[in-house]
Amino acid sequence: IRDEESGYNKNLFCIPKHYEEDLERVFIPHGLILDRTERLARDIMQDMGSHHIVALCVLKGGYKFFADLLDHIKALNQNGDKSVPVTVDFVRIKSYC
């Protein structure tokens with residue numbers, strides 16, 4: 001997505017009522033995020049080969065993305081030619097500085 005991109009008209013989406021007044025446009029639709037997350041899962045599986053994957057989630061903000069990414073990796077593990085072991089762990093960071 002280019003910096004000059006103006007986004008999509010919010011009327012093309014189902015926006016929760018409590019966001020309607022605050023939201024002007026949608027820059028990245030949910031479907032596009034899901035598609036890119038699935039692509040990332042495929043890239044990870046390809047790059048890791050048959051190596052064990054250790055997935056570490058930084059709480060709290062990253063949980064939803066992390067869960068979606070692991071769902072895609074799990075689906076590729078179940079439906080693909082190979083199955084790669086995945087270990088999941090979580091870390092909470094007090095400050096990003």
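The values are calculated or read from the model by the stated rules, or taken from the named source; none is laboratory data. Everything quoted here is computed from the prediction, not taken from an experiment. Note that each Cβ is placed from the backbone with ideal geometry, even for glycine, and that neighbours are counted across all protein chains shown. Only protein heavy atoms, including side chains, enter the accessible area calculation; ligands, DNA and RNA are left aside. Shrake-Rupley method; radii C 1.70, N 1.55, O 1.52, S 1.80 Å.
Side notes on the structure shown:
- Taking the C-alpha atoms only, the angle from helix 63-79 to the longest principal axis of the chain is near 50 degrees.
- The modelled label-to-label distance for the pair residue 5/residue 68, using points 7 Å beyond Cα in the direction of Cβ, is 1.3 nm.
- With every protein chain in place, the chain: carbon and sulfur % of accessible area (1.4 Å): 54
- Amide proton proximity set for residue 90, modelled H, under 5 Å, gap of 5+: 57
- Protection proxy ranking for 10-20, 76-86, using the average of other Cβ atoms within 10 Å per residue and placing the highest first: 76-86, 10-20.
- Between helix 30-48 and the chain: long-axis angle, C-alpha atoms, 0 to 90°, nearest 10: 20
- Fraction of antiparallel bridges per DSSP, the chain only, in percent to nearest 5: 20
- Across region 6-90, C-alpha contacts under 8 Å between residues 6 or more apart give a mean separation that, scaled by the residue count, equals a relative contact order of 32 percent.
- Solvent-accessible heavy-atom area per residue, rounded to whole Å², over region 6-90 at 1.4 Å: 75
- Projected-area mean, the chain, by convex hull of Cα positions, square nanometres: 9.1
- Here's how it looks for residue 62: its modeled amide H is under 5 Å from none belonging to a residue 5 or more places away or on a different chain.
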